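Before any comments, here is the structure.
The values are calculated or read from the model by the stated rules, or taken from the named source; none is laboratory data. No experiment lies behind these values; they were computed from the predicted model shown. Ideal geometry is used to build each Cβ from the backbone, glycine not excepted, and the neighbour counts take in all protein chains shown. Surface areas here come from the heavy atoms of the whole protein model, side chains and all, with no ligands, DNA or RNA. Shrake-Rupley method; radii C 1.70, N 1.55, O 1.52, S 1.80 Å.
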Amino acid sequence: MQRSAEQRHSTKRRASPQRHPRAKPFGFTARQRPFIIVLLANWAFSLAFFLGMKLIWHWQPEAWGIADRLALVIKDSVFALLPGVIGICIVAAQRLDPSMWVGRVAKPNSALDINTRFILNTFEQFIAYFIANAGLAMYCPLEEARSLPLLTALFVMGRILFWIGYHKNPYLRAFGFGITFYPTVAAFVWLLLMMLFDIRIPL
């Protein structure tokens with residue numbers, strides 16, 4: 001009798017077509033899927049912006065010697081670091097507000113705490129961006145020099161959206177992070193292909 005009851009229970013379980021609520025289609029949960037969409041949007045937007053601007057903006061420097069390349073990298077870096085410098089100025093003022101502190105530590109998730117983390121992340125991202133931009137300046141020809149300011153524009157847009165998203169919306173934060181970081185990754189891939197395999201993809 002007990003065995004018959006177990007068989008009926010087993011048959012009922014096998015016949016149920018419903019998916020377990022914690023099952024992960026393609027390995028992603030329902031919470032993760034919006035961030036995957038944001039990730040794909042990062043690549044799509046960055047590529048569309050880069051290619052679209054190259055079609056309508058035909059700037060190139062008058063000369064492209066070592067000094068000209070270095071000057072462009074430095075100019076781009078000034079613009080790229082503006083969000084971080086502005087963040088430092090804001091944090092310096094917020095540190096004077098006693099309500100932002102718990103003892104000697106910034107209150108968790110306060111504006112001071114969030115802005116401090118934004119500054120740290122921005123300078124971390126800037127190091128990778130600067131090296132990638134300097135590498136591109138070394139290898140790209142004169143007619144492709146406008147790629148450097150375009151990557152800088154993506155970096156700055158990404159930092160601004162990341163900063164706003166840190167305060168307002170996690171999806172906007174993820175999108176801002178993506179258009180900051182993934183173009184830099186693409187630049188590193190381009191440089192590695194060029195340096196290791198002498199494969200040059202037009203920029």
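Using helices alone, I'd like the mean residue ellipticity at 222 nm for the chain: each DSSP H run of four-plus residues gives -39500 (n - 2.57), total over residue count, nearest 500.
Values: 6 runs with 146 residues, N = 203.
Computed mean residue ellipticity for the chain: -25500 deg cm²/dmol.
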³J(HN,Hα) across the stretch 172-187 via Karplus (A = 6.51, B = -1.76, C = 1.60, θ = phi - 60°), whole Hz, x for Gly/Pro?
5, 4, 5, 5, x, 4, x, 7, 7, 8, 5, x, 5, 4, 4, 5
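Please report the carbon-and-sulfur percent of the accessible area for the stretch 59-137; probe 1.4 Å, protein heavy atoms only, DNA, RNA and ligands left out.
Using a 1.4 Å probe with all protein chains present, the stretch 59-137 comes out at 72 percent carbon and sulfur.
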With label points built 7 Å along Cα→Cβ from the Cα atoms of Lys75 and Ala41, find their separation and express it in nm.
3.3 nm
Heavy-atom accessible area order for Arg159, Arg146, Arg104, Arg31, largest first, 1.4 Å probe
Arg104, Arg31, Arg146, Arg159
Heads up, I need the accessible area for Phe79: 1.4 angstrom probe, whole protein in place, Å², nearest 10.
130 Å²
Rounded to whole Hz, the Karplus (6.51, -1.76, 1.60) HN-Hα couplings of the stretch 99-114, x for glycine and proline:
5, 7, 10, 10, x, 9, 10, 4, 4, x, 6, 6, 4, 5, 5, 5
May I ask you to give the solvent-accessible area per residue for the chain, in square angstrom, as obtained with a 1.4 angstrom probe?
65 Å²
Which whole-Hz couplings ³J(HN,Hα) result when phi for each residue of the stretch 188-201 is put into the Karplus expression 6.51 cos²θ - 1.76 cosθ + 1.60, θ = phi - 60°, listed in order with x for Gly and Pro?
5, 4, 4, 5, 5, 4, 5, 6, 8, 10, 6, 9, 10, 9
